[in-house]
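Q: This is the structure I want to talk about, given as structure tokens.
The values are calculated or read from the model by the stated rules, or taken from the named source; none is laboratory data. In this text, all values refer to a predicted model and were calculated from it rather than measured experimentally. Cβ: placed from backbone, ideal geometry, glycine included. Neighbour counts: every protein chain shown. Note: accessible area is taken over every heavy atom of the protein model, side chains too, but ligands, DNA and RNA are not part of it. Shrake-Rupley method; radii C 1.70, N 1.55, O 1.52, S 1.80 Å.
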Amino acid sequence: MSDRTFDLTVVTPERQVFQGPVAMVIVRTVDGEIGVLPGHAPLVAPLAIGPMTIKTPAGERKAAVNGGFIEVTPRQVTILTEAAEMAEEIDVRRAEEAKKRALARLEKKRADIDYARAQAALQRAIVRLKVAGREG
Ligand code: ATP
């Protein structure tokens, strides 16, 4: 690990999604997007449902991140999240189906529909499609 990189770990309750040296990570916190470079001040921040961009020595990679937290320490950045997928792991058909289901729920103006839950499902699907290089 050089002074130009730090170690990034992205982990969910199920698996380690990414681990390795990166020169930068950009994530969406609930207060907006942040970019973390080596030497960033220590920080813990809650994450939104959003895309993540990482600059690895081999090039730029993207992932979809479903909430959680980012923790920045001097030489280590950890993202703990409910779910995350690297762009190439995203099943586009599945995300399209999830988007359709969420939109159908949101269109029904019924009292028994949990709108916040449907909105979150829609947001997850849109982010996955965008990260996978589809419209969203
Ligand atoms: P779905 O309704 O399709 O299950 P969801 O948004 O409810 O979508 P999550 O609860 O966010 O799914 O994720 C459940 C698990 O499935 C996680 O491990 C997540 O990484 C994975 N996952 C969800 N959607 C996709 C997708 N389109 N491609 C790859 N993995 C996915």
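Q: If you check Val25 against the conditions, is it in contact (Cβ under 8 Å) with a residue 24 or more places away in the chain and either open to solvent by less than 40 Å² (accessible area, probe 1.4 Å) or polar (S, T, N, Q) (or both)? Break it down stepwise before answering.
A: Values: in contact (Cβ under 8 Å) with a residue 24 or more places away in the chain: yes; either open to solvent by less than 40 Å² (accessible area, probe 1.4 Å) or polar (S, T, N, Q) (or both): yes.
Yes: the conditions hold for Val25.
Q: Sticking with this structure for a sec: Could you give me the residue pairs with C-beta distances under 9 Å whose first residue belongs to region 114-136 and is within 12 Å of Arg94 (Cβ to Cβ), whose second residue is part of a loop (DSSP other than H, G, I, E, B) and open to solvent by 70 Å² or more (accessible area, probe 1.4 Å) wherever it lies, and which are 6+ apart or on separate chains?
A: Cβ pairs passing all conditions: Arg128/Asp91; Arg128/Arg134; Leu129/Glu135; Ala132/Asp91.
Q: Among the numbered conditions (1) part of a loop (DSSP other than H, G, I, E, B); (2) closer than 17 Å to Gly133 by Cβ, tell me where Pro38 comes up short.
A: (2)
Q: Within 17 Å of Val65 (Cα to Cα), open to solvent by 90 Å² or more (accessible area, probe 1.4 Å) and within 16 Å of the ligand (Cβ to nearest atom): does that describe Glu33?
A: Working: within 17 Å of Val65 (Cα to Cα): yes; open to solvent by 90 Å² or more (accessible area, probe 1.4 Å): yes; within 16 Å of the ligand (Cβ to nearest atom): no.
So Glu33 fails the test.
Q: Shifting gears a bit: Select from region 112-136 the residues that are more than 10 Å from the ligand (Cβ to nearest atom) and farther than 24 Å from Arg61 by Cα and write down the one among them that is surrounded by the fewest Cβ atoms within 10 Å (Cβ to Cβ).
A: Applying the filter and picking the extreme gives Asp112.
Q: Which residue is nearest to Arg134 (Cα to Cα), if the candidates are limited to region 54-111 and must be of a type outside the set (Lys, Arg), in a loop (DSSP other than H, G, I, E, B) and more than 15 Å from the ligand (Cβ to nearest atom)?
A: It comes out as Ala58.
Q: Kindly indicate whether Ala98 is open to solvent by less than 70 Å² (accessible area, probe 1.4 Å) and either in contact (Cβ under 8 Å) with a residue 40 or more places away in the chain or of a type in the set (Asp, Glu) (or both). Show your work before the answer.
A: Values: open to solvent by less than 70 Å² (accessible area, probe 1.4 Å): yes; either in contact (Cβ under 8 Å) with a residue 40 or more places away in the chain or of a type in the set (Asp, Glu) (or both): no.
In short, no.
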